[in-house]
Amino acid sequence: RLKRKNKKRRRLKREEDRLKREEDRLKREEEEKKKRKKRRRRRGRRLKRKRLRYLWLTIYTTEDKPSNKLD
């Protein structure tokens, strides 16, 4: 009878551990997803800033050239 009880207890413990591992894994994946999203957003902002700076530079450097004026 004792052996059987131990077996049951062990099986229950194994099941609980498995469930806990599963939950932890899911939580970790969610956090990773959030981090990836944040990282992507940050990268986009940086790129946008670079593009804008380049645009402004081209506008301002070509503005004072007389060949650019159409009138």
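Here, each number is a calculation from the coordinates, and none is a lab measurement. Please read these numbers as outputs of a predicted model, since none were measured by experiment. No Cβ is skipped: glycine too gets one built from the backbone with ideal geometry, and neighbour counts run over all protein chains shown.
Farthest towards the positive end of the charge dipole of the range 2-64, among the residues LEU19, TYR54, GLY44, is the Cα of LEU19, using unit charges on the Cβ of Lys, Arg, Asp and Glu. Taken along its three principal axes, the alpha carbon spread of the range 2-64 comes to 94, 8, 5 Å, from the longest extent down to the shortest. Net length available on complete extension from ARG9 to ARG46 is 7.8 nm, with 0.36 nm assigned per residue and the Cα-Cα distance removed.
Cross-link partners of LYS27 among lysines, defined as those whose alpha carbon lies under 18 angstrom from its own and excluding same-chain residues fewer than eight positions apart: LYS35, LYS37, LYS38. Under 16 Å of direct C-alpha separation, and excluding same-chain neighbours fewer than eight residues apart, LYS20 reaches no lysines at all.
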